[in-house]
Amino acid sequence: MRREARELARAAGGSQRVVVLTGAGVSSDSGIPTFRDVGGVWSRFRPEDLASPEAFARDPRMVWDWYRARAENVKEAQPNPGHISIAEMESLFPDFYLVTQNVDGLHQRAGSRRVIELHGNLGRARCTTCPSVFPLEGAPLGPDGMPHCPSCGALARPDVVWFGEPLPTDALEQAFELSSRAQLFFSVGTSGLVQPAASLPYIAKSAGAILVEVNPNETPLSRVCDFVFRAGASEAIPAIVEAFHGI
Ligand SMILES: [Zn+2]
């Protein structure tokens, strides 16, 4: 691992423009239950039946109960060495961005500041009527027990992307733009199967970036990567950061 990390640091040491794309694998070492495993009474539901506009229209109370249970799970979790080392990478490269598919906010809690969230954030809510976006914690509850908009009083919804919804346009455009001009691109803890995020590493590669994968499992991306670390983020990223510090 250290030798590979040193080779990577030698090959990519002068990189200015760096993008890290992260997925659920980064948070698994923090004990974040996966989307499909929140546990308890929720295990008998399919996420597709809770995380969709149709589910919210049918039974907003149930959807909110599930999201509040997930937000509680996340509050109890702590950033792991993978999150912390990714946050450190901001100071290693002059033009660094993190693009994440995670909604748990652990990157920000670890200190990452230049974060593009493709799927929203469990810690936020937004109004179903006006453009307000606000923290879930402290949001006023209506007589129905659900969070309501502090500006206009209408029912709020989780500020996350649901099944059948497009990704936020600004975040997606920025992610494509940054990937197309990256010199070094890391794909970390993501299966490489879910579009459109899965196309970002290919965009970077075709624009000439050095492509690095960190994943304990082989993915469709593995064969086009210049460097592959077959390990979890909490093991590989600290070794990579250490190697870049050493050059
Ligand atoms: Zn509102």
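The values are calculated or read from the model by the stated rules, or taken from the named source; none is laboratory data. In this text, all values refer to a predicted model and were calculated from it rather than measured experimentally. Here the Cβ is made from the backbone with ideal geometry for all residues, glycine too, and neighbour counts use every protein chain on show. In case anyone asks, the SASA skips ligands and DNA or RNA and just uses the protein heavy atoms, side chains included. Shrake-Rupley method; radii C 1.70, N 1.55, O 1.52, S 1.80 Å.
Looking across segment 103-134, the residues that are β-branched (Val, Ile, Thr) and touching a Leu at 6+ places or on another chain (Cβ under 6 Å) come down to 103, 115, 128.
Does residue 77 meet the test of being small (Gly, Ala, Ser) and under 26 Å from residue 174 (Cα atoms)? Answer is no for this residue. Criterion first (within 28 Å of residue 205 (Cα to Cα) and β-branched (Val, Ile, Thr)) does residue 63 satisfy it? So residue 63 fails the test.
In this structure, residue 63 does not qualify as open to solvent by 10 Å² or more (accessible area, probe 1.4 Å) and assigned to a helix (DSSP H, G or I). Across segment 140-152, the qualifying residues are those that are buried (at least 19 other Cβ atoms within 10 Å of the Cβ) and without any contact (Cβ under 8 Å) to a residue 60 or more places away in the chain, and the one among them that is farthest from the ligand (Cβ to nearest atom) is 148.
This table checks each residue for (1) of a type in the set (A, V, I, L, M); (2) at pLDDT 95 or above; (3) not in a helix (DSSP H, G or I).
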{"site": "36", "(1), (2), (3)": "no, no, yes"}
{"site": "51", "(1), (2), (3)": "yes, no, yes"}
{"site": "57", "(1), (2), (3)": "yes, yes, no"}
{"site": "69", "(1), (2), (3)": "yes, no, no"}
{"site": "72", "(1), (2), (3)": "no, no, no"}
{"site": "97", "(1), (2), (3)": "no, yes, yes"}
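Could you identify the single residue in 167, 118, 106 that is away from the ligand (no atom under 16 Å from the Cβ) and closer than 20 Å to residue 234 by Cα? Among 167, 118, 106, only 106 is away from the ligand (no atom under 16 Å from the Cβ) and closer than 20 Å to residue 234 by Cα.
Which one is farthest from the ligand (Cβ to nearest atom), of the residues in segment 170-193 that are in contact (Cβ under 8 Å) with a residue 12 or more places away in the chain and part of a helix (DSSP H, G or I)? Among residues in segment 170-193 that are in contact (Cβ under 8 Å) with a residue 12 or more places away in the chain and part of a helix (DSSP H, G or I), the one farthest from the ligand (Cβ to nearest atom) is 180.
Looking at segment 194-205, can you tell me whether even one residue there is in a strand (DSSP E or B) and within 23 Å of residue 91 (Cβ to Cβ)? Break it down stepwise before answering.
Here is the first cut: in segment 194-205, the ones in a strand (DSSP E or B) are none.
The answer is no, given that none of the residues of segment 194-205 is in a strand (DSSP E or B) and within 23 Å of residue 91 (Cβ to Cβ).
Among the residues of segment 2-17, the one identified as assigned to a loop (DSSP other than H, G, I, E, B) and either among the aromatic types (Phe, Trp, Tyr) or open to solvent by 70 Å² or more (accessible area, probe 1.4 Å) (or both) is 16. Only residues that are surrounded by fewer than 19 Cβ atoms within 10 Å (Cβ to Cβ), assigned to a helix (DSSP H, G or I) and either under 21 Å from the mean Cα position of the chain (by Cα) or of a type in the set (A, V, I, L, M) (or both) were counted across segment 206-234, and they come to 2. The set of residues in segment 121-138 that are within 9 Å of the ligand (Cβ to nearest atom) and in contact with an Asp or Glu (Cβ under 7 Å, 6 or more places away or on another chain) contains only 126.
A count restricted to segment 97-106 and to residues that are open to solvent by 10 Å² or more (accessible area, probe 1.4 Å) and under 17 Å from residue 199 (Cβ atoms) stands at 2. Count of segment 107-136 residues, restricted to those that are in a loop (DSSP other than H, G, I, E, B), open to solvent by 50 Å² or more (accessible area, probe 1.4 Å) and either in contact with a Lys or Arg (Cβ under 8 Å, 6 or more places away or on another chain) or in contact (Cβ under 8 Å) with a residue 40 or more places away in the chain (or both), is 1. Looking at this structure, is residue 91 away from the ligand (no atom under 14 Å from the Cβ), open to solvent by less than 20 Å² (accessible area, probe 1.4 Å) and not in a strand (DSSP E or B)? Judged against the criteria, residue 91 is not a match.
The residues of segment 194-247 that are among the basic types (Lys, Arg) and either closer than 22 Å to residue 17 by Cα or touching a Phe, Trp or Tyr at 6+ places or on another chain (Cβ under 7 Å) (or both) amount to a single one, 205.
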